[in-house]
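Colleague: Before I ask anything, here is the structure I am working with.
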Amino acid sequence: MNPTIAIIGGTGLATLDTLKTIHQETRSTPYGEPSSPLVYGELGGQPVVFLARHGQHHTLPPHKINYRANLWALHRIGVKQVIAVAAVGGIRADMDPGALAFPDQIIDYTWGRPCTFFEDHLTHVTHIDFTEPYCPELRERLIQVACALKLDARESGTYAAMSGPRLETAAEIRRLERDGCAMVGMTGMPEAALARELGLRYAVCAVVANWAAGKAAGEITMAEIERNLVGGMEQVKTLLTQVIPGLKPV
Ligand code: HPA
């Protein structure tokens, strides 16, 4: 039987070494190729499928990711719940590098990305409800387990989705802060909306990789981001192994 739980790995999590891999499958979809093969395996004793959002060798920048193909491929094999792991920059004062964050809202500042499955050959125009962009039950479960494990977790915050691939200016971050954003990333949209369009339960576990532009002295370097992601991703792996066995089938 195909897994109903998927993990989408982001920067710092191109492979999941805690997954007991069974096989890999390259899929194509009506929207094109997903970012990576689907890796089927077992985590915490449960069947799980893993997809590397930026490709298995981390070669796809955020604006080149085929979000529709990724979500479609997962949906097509029978996935019902998606835990998406993503690196973010910290804006709110408690979003220090290395922490985990479970966003509860999104503001979408991206542009030019194919962002819906509902555009061609429609019999009627469809608007999905997106009041709560993340699945509350899945978020709650992730937070409960993260707290029980005493991980360094932030339980809420608005995720600002930027197009990238460049990082932001200090003025842009000040604007996001005025808008109420707690963290900033480049891959949260349209991924979350596409998951909702397909009826998937979807939640994000973010890892704070750096202070957002202007929030700490000096430039943001890739070396700093990579360094902070190492510890953060170890927390993510611990969390995933503990959370997956307890997820109720949908
Ligand atoms: N901005 C946008 N995306 C990011 C950042 C950032 O500072 N860090 C990691 N992903």
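The values are calculated or read from the model by the stated rules, or taken from the named source; none is laboratory data. Since this is a predicted model, take the numbers as computed values, not measurements. Every residue, glycine among them, receives a Cβ derived from its backbone with ideal geometry; neighbour counts consider all protein chains shown. All accessible areas refer to the heavy atoms of the entire protein, side chains included, with ligands and DNA or RNA removed. Shrake-Rupley method; radii C 1.70, N 1.55, O 1.52, S 1.80 Å.
Colleague: Which of the residues belonging to region 11-42 are open to solvent by less than 40 Å² (accessible area, probe 1.4 Å) and in a loop (DSSP other than H, G, I, E, B)?
Modeller: From region 11-42, those open to solvent by less than 40 Å² (accessible area, probe 1.4 Å) are 11, 13-14, 16, 19, 29, 32, 34-41; that's our starting set.
THR11, LEU13, ALA14, LEU16, LEU19, PRO34, SER35, SER36, PRO37 - these are the residues of region 11-42 that are open to solvent by less than 40 Å² (accessible area, probe 1.4 Å) and in a loop (DSSP other than H, G, I, E, B).
Colleague: So, restricting to helices (runs of 4 or more DSSP H) that lie completely within region 155-250, which ones have at least 3 residues that are touching a residue at least 40 places away in the same chain (Cβ under 8 Å) and either within 11 Å of the ligand (Cβ to nearest atom) or surrounded by fewer than 21 Cβ atoms within 10 Å (Cβ to Cβ) (or both)? Step through it out loud before you land on a result.
Modeller: Values: elements: 170-178, 191-197, 222-243.
The qualifying helices (runs of 4 or more DSSP H) are 170-178, 222-243.
Colleague: Now, a different point. Within region 2-10, is there a residue that is more than 18 Å from the chain's Cα centre (by Cα) and open to solvent by less than 10 Å² (accessible area, probe 1.4 Å)?
Modeller: yes
Colleague: So which of GLY89, GLY98, GLY112 ends up being under 17 Å from the mean Cα position of the chain (by Cα) and assigned to a loop (DSSP other than H, G, I, E, B)? Don't jump to the end; show me each part of the working.
Modeller: Numbers: GLY89 fails: assigned to a loop (DSSP other than H, G, I, E, B); GLY112 fails: under 17 Å from the mean Cα position of the chain (by Cα).
Checking each option against the conditions leaves just GLY98.
Colleague: Within region 47-84, which residues are surrounded by fewer than 17 Cβ atoms within 10 Å (Cβ to Cβ) and in a strand (DSSP E or B)?
Modeller: PRO47
Colleague: Quick one: ILE107 ticks every box in (1) of a type outside the set (D, E, K, R); (2) more than 23 Å from LEU198 (Cβ to Cβ); (3) open to solvent by 50 Å² or more (accessible area, probe 1.4 Å); (4) in contact with an Asp or Glu (Cβ under 8 Å, 6 or more places away or on another chain) except a single one, so which number is it?
Modeller: (2)
Colleague: Let me spell it out: the conditions are (1) surrounded by 13 or more Cβ atoms within 10 Å (Cβ to Cβ); (2) in contact with a His (Cβ under 8 Å, 6 or more places away or on another chain), and ARG139 meets all of them except one. Which number is the exception?
Modeller: If we test ARG139 against (1) surrounded by 13 or more Cβ atoms within 10 Å (Cβ to Cβ); (2) in contact with a His (Cβ under 8 Å, 6 or more places away or on another chain), just (2) comes out false.
Colleague: Among (1) away from the ligand (no atom under 16 Å from the Cβ); (2) more than 14 Å from the chain's Cα centre (by Cα), there is one condition LEU71 misses while meeting the rest; what is its number?
Modeller: Among (1) away from the ligand (no atom under 16 Å from the Cβ); (2) more than 14 Å from the chain's Cα centre (by Cα), LEU71 violates only (2).
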